[in-house]
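Enquirer: The structure's right below; bear with me while I get my questions together.
The values are calculated or read from the model by the stated rules, or taken from the named source; none is laboratory data. Because the structure is a prediction, the values reported are computed rather than measured. We place every Cβ from the backbone using ideal geometry, glycine too, and count neighbours over all the protein chains shown. To get the accessible areas, we keep the full protein, side chains included, count just its heavy atoms, and leave off ligands, DNA and RNA. Shrake-Rupley method; radii C 1.70, N 1.55, O 1.52, S 1.80 Å.
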Amino acid sequence: MTDPHLWWYVSRSAAIVAWTLLTLTTLWGILLSTRVLRVADNPAWLRTLHAHLSGIALLMTFIHVGSLLLDPYLRSQGFGIAAALVPLSSHYAPLPLSLGIVALYLMAAVGLSSLAMRLLPRRLWKGLHFASYAIVVLVAFHAATAGTDTGTGWYISLSTAVIVATAMAVIVRQFVGSAAAQRRRSAAKTRQSAVRERIPVRVAALRQRAEDVRGVRLVPLTDDPLPPWTPGAHITVHLPNGLERRYSLCGDPAERHSYDIAVARSPDSAGGSRFIHDWLVAGQMLEIDPPRNNFPLDAAPDYLFVAGGIGITPIMAMIASLPASRNWELLYIGRTRSRMAFAESLAARYPGRVTIYARDEHTERLPVADLAAHSTAQVYACGPAGLLDALAAVVPAGRLHLERFVPVDRRAGLRPSPVQVELAGVGSFRVPANRSILDVLEAAGAPIAGSCREGVCGACELRVLDGTPLHLDSVLGDAEKDAARVMYPCVSRSVTDRLVVDLVD
Ligand code: FES
């Protein structure tokens with residue numbers, strides 16, 4: 001025989017589970033939004049769990065209401081659909097029931113808005129989500145006053161636990177959340193000022209390093225040391241003619257009071273290398289950006305360095321940084337020996353390790369790609385696009401590290417689609433197909449700075465918190481970017497409809 005209290009049991013159990021889950025998911029959502037759980041950069045499963053807890057809480061609430069309507073005792077007392085769904089229409093505890101009914105509608109609205117999150121303006125979705133606080137309060141009052149067992153010991157214990165958890169959520173939101181937001185704002189400000197902060201330097205010396213290669217030594221204007229750098233790093237030089245150019249540092253990283261660069265005269269110069277060769281004089285003031293490294297040298301047992309022309313500059317610093325016991329070999333290729341900067345000094349200093357290959361001295365080409373493909377060493381290469389493309393075609397990506405002067409066109413045949421980009425702590429932005437993510441973020445006032453705007457310098461780097469970027473840049477290998485969870489928004493887009501990104505510290 002069926003227990004006459006069956007629906008009462010179902011109703012009470014569902015209500016308690018719903019109340020507990022609602023509190024948990026609200027607390028969980030607060031921890032997510034305030035990034036207390038951001039140690040792992042909010043992986044997707046954290047939000048999935050939040051969504052599932054909310055969904056089950058809503059389902060349990062429907063079961064709670066449905067079982068009340070099925071309860072024969074309540075039905076005999078005139079409790080029907082109107083009493084269950086219309087506020088203030090019940091004879092029994094009209095106010096407590098009304099609180100529960102309003103909470104139910106709000107829960108449904110929050111749930112539906114979350115399902116339609118991608119269709120709704122971010123502000124509307126967020127505003128509706130804030131209703132969760134009201135829901136928790138309404139449910140707490142409803143649950144504490146509407147039940148027939150509200151005075152029992154176990155019920156009071158459970159109520160106390162849930163209300164304490166709710167109070168904790170509010171405390172977390174108010175104190176930890178606002179502290180985290182404050183930290184984000186001040187970090188953004190710091191980054192913004194760092195982005196804008198250029199370093200004034202003076203040209204201390206100019207030296208011809210080879211035919212059409214001019215060495216430039218830059219020193220600070222004060223006694224303060226220059227920012228530290230690591231082999232493979234470059235600086236952006238802001239020239240007086242308004243151009244900005246990136247040059248690899250080729251000196252000694254331990255020397256903190258000067259930066260050395262070497263600049264090849266480009267036959268197609270748009271004014272950068274021509275200015276440095278024809279107009280730059282000792283004593284002239286310039287501005288530079290702090291060094292950044294998109295071509296870092298990782299620890300490995302063996303290295304094969306491949307330099308084409310002026311691509312020798314970052315390799316110089318790498319070689320100088322290696323301990324004498326480390327195995328390495330350099331293939332240095334150029335048109336003529338007279339145009340190959342540092343060739344003689346490298347060959348003299350590292351006999352047996354350096355192959356200088358001046359093309360005008362040979363009838364056959366050096367099979368660089370084959371040598372690299374058959375080596376087991378980590379290959380670090382910098383030089384013209386043809387050389388780097390040949391290496392990329394045969395050397396496995398895990399062994400190949402490239403620094404490009406000019407970007408690879410990876411957009412051929414691609415039809416960009418709009419993407420919703422959320423920049424943590426700043427806002428959410430719709431990026432149309434015909435604009436870059438960087439353009440839209442800059443226009444919105446985000447503290448992010450582009451430089452080359454063609455995906456080679458790495459200045460616009462963003463951290464990817466959620467979503468899958470479509471890498472179209474020429475900075476680092478795609479696997480390296482995915483492993484580091486970074487992207488370059490001046491050219492790259494998104495595979496997913498939505499990307500959540502953050503500025504890089
Ligand atoms: S601005 Fe240079 S990589 Fe984006």
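Enquirer: With the condition kept exactly as written, say whether any residue in region 391-411 is open to solvent by less than 40 Å² (accessible area, probe 1.4 Å), in a loop (DSSP other than H, G, I, E, B) and not β-branched (Val, Ile, Thr).
Expert: no
Enquirer: Please verify whether region 431-446 includes one or more residues that are in a helix (DSSP H, G or I) and of a type in the set (Gly, Ala, Ser).
Expert: Yes, because at least one residue in region 431-446 is in a helix (DSSP H, G or I) and of a type in the set (Gly, Ala, Ser).
Enquirer: Name the single residue, out of those in region 447-481 being at pLDDT 90 or above, open to solvent by 20 Å² or more (accessible area, probe 1.4 Å) and away from the ligand (no atom under 13 Å from the Cβ), that is nearest to the chain's Cα centre (by Cα).
Expert: ARG463
Enquirer: Does region 175-186 contain at least one residue that is outside any loop (DSSP other than H, G, I, E, B) and at pLDDT 70 or above?
Expert: Within region 175-186, not a single residue is outside any loop (DSSP other than H, G, I, E, B) and at pLDDT 70 or above.
Conditions (1) in contact (Cβ under 8 Å) with a residue 60 or more places away in the chain; (2) outside the structural domain of ALA233 (by TED's automatic domain parsing); (3) closer than 19 Å to HIS238 by Cβ, marked per residue:
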| residue | (1), (2), (3) |
| --- | --- |
| HIS257 | no, no, no |
| VAL263 | no, no, yes |
| ARG274 | no, no, yes |
| ASP278 | no, no, yes |
| ALA282 | yes, no, yes |
| ALA307 | yes, yes, no |
| ILE315 | yes, yes, no |
| THR336 | yes, yes, no |
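Enquirer: Right, here's the next one. Here's a check for you: in region 487-497, which residue that is surrounded by 15 or more Cβ atoms within 10 Å (Cβ to Cβ) and away from the ligand (no atom under 11 Å from the Cβ) is farthest from ASP389 (Cα to Cα)?
Expert: Checked region 487-497; the qualifying residue farthest from ASP389 (Cα to Cα) is SER494.
Enquirer: Among the residues of region 198-230, write down those that are outside any strand (DSSP E or B) and open to solvent by less than 20 Å² (accessible area, probe 1.4 Å).
Expert: Scanning region 198-230 gives a single hit, LEU226.
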